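Nothing in this text is a laboratory measurement; each read-out follows from the coordinates by a stated rule. Remember, it's a predicted structure, so these values are computed and weren't measured experimentally. All Cβ positions, even for glycine, are placed from backbone atoms using ideal geometry, and neighbour counts span all protein chains on display.
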Amino acid sequence: MRKQIAAANWKMNLTLAEAETLVSSLLEDQEDLKEHQLVIFGVPFPYLHAMKQKVAAKKNYFIAAQNVHFQKSGAYTGEVCAAMLNSVDTDYVIIGHSERREYFDEDHQMLADKIDACLQANLKPVFCCGEPLSIREAQTQNAHVQAQLQESLFHLTAEQLTDFVIAYEPVWAIGTGKTATSLQAQQMHAHIRNVIAQKYGAAVSESISILYGGSVKAANAKEIFGEKDVDGGLVGGASLNAEEFRAIIKALK
Ligand code: PGA
């Protein structure tokens with residue numbers, strides 16, 4: 001079975017003390033994960049090291065950064081490069097979140113460069129894609145997401161894309177309380193898998209974990225994760241609450 005993943009995206013929330021309390025609480029009473037189940041905490045840069053120390057001894061718990069710069073090093077005040085993330089044992093990096101695309105003007109090429117920077121430093125990208133409301137209303141979401149995949153991922157080799165993690169996050173469902181129906185999620189996840197299969201073949205496409213993101217919570221996780229092509233979730237708001245996120249982890253296939 002391909003990896004089923006509950007990924008938290010804390011965004012710009014929590015103090016270090018709050019983060020420690022949250023992770024401790026989740027680690028304390030969480031039953032062991034199954035071999036194919038992963039939990040990833042996407043934490044602010046200053047907490048990467050401390051959070052990695054906390055989860056290091058636990059099997060199948062990992063740490064993600066929420067961003068990375070595409071250059072290797074140099075005079076980029078305020079930025080963080082892949083080698084730095086690697087040096088504090090970061091496992092994953094969230095790339096191309098819609099908030100980065102919208103507020104920080106991250107375009108397809110920059111995201112492709114960030115993916116390359118991650119892979120060169122042995123960091124695993126979690127590549128985000130998804131359409132804004134206007135595109136969904138025009139019913140052109142399939143072409144929109146296909147272009148996002150083609151422009152930022154299709155320079156990779158089949159080997160690099162094997163076991164990759166993609167998060168489909170319809171922008172209209174992020175932080176709005178409005179969730180895609182499980183049918184809408186399944187349809188887009190199947191489309192993503194199909195787009196990848198057409199270029200890379202079924203084996204690569206079937207190996208990729210495709211997470212759904214957008215107002216996932218304890219109350220809807222089981223139904224959404226139950227869909228055939230949904231391999232877990234990338235969770236914002238609900239990942240800040242131990243009870244909620246614990247239930248979301250439990251909802252993994
Ligand atoms: P949300 O955010 O769960 O708060 O909608 C998801 C995300 O932005 O990754």
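Descriptive notes on the structure:
- Enclosed volume per residue, in Å³, of the convex hull spanned by Cα atoms of region 1-128: 112 Å³
- Taking the charge dipole of the chain about its Cα centre, with +1 at Lys and Arg Cβ atoms and -1 at Asp and Glu Cβ atoms, the residue from Ile115, Gln148, Leu234 reaching farthest to the positive side is Leu234.
- Cα gyration tensor, region 174-238 - rounded (a/c under 1.5), prolate or oblate: prolate
- By DSSP, the beta bridges lying fully in the chain are antiparallel in about 0 percent of cases.
- Annotation: peptides 153-159, 233-239, ranked by per-residue average of other Cβ atoms within 10 Å with the highest first, follow the order 233-239, 153-159.
- Cα centre as origin, Lys/Arg/Asp/Glu Cβ charges: the chain dipole, Debye: 360 debye
- Of the chymotrypsin sites (Phe, Trp or Tyr not before Pro) found in region 85-149, those in coil by DSSP whose Cβ has at most 12 other Cβ atoms within 10 Å are Phe104.
- Overall dimensions of the chain, expressed as equivalent-ellipsoid semi-axes from the Cα gyration tensor (√(5λ), whole Å, largest first), are 25, 22, 18.
- Spatial separation of Cα centroids for region 87-158 and region 25-74, in angstrom: 20 Å
- Derived value for region 25-65: Kirkwood hydrodynamic radius 10.7 Å. Basis is the mean of 1/r over every pair of different alpha-carbon atoms.
- Qualifying GluC sites (Glu not before Pro) for region 26-71 [loop in DSSP, other Cβ within 10 Å: at most 13]: Glu31, Glu35
- Fully extending the segment from Leu16 to Ala143 would add 41.7 nm, taking 0.36 nm per residue of separation and subtracting the current Cα-Cα distance.
- Rounded, prolate or oblate (a/c below 1.5 giving rounded, otherwise prolate when a/b exceeds b/c) for region 1-46 by Cα gyration tensor: oblate
- Surface/4 estimate of mean projected area, convex hull on alpha-carbon atoms of region 53-202, nm²: 10.4 nm²
- Rounded to the nearest 0.05, the FRET efficiency derived from the C-beta distance between Glu151 and Tyr76 at R0 = 25 Å is 0.60.
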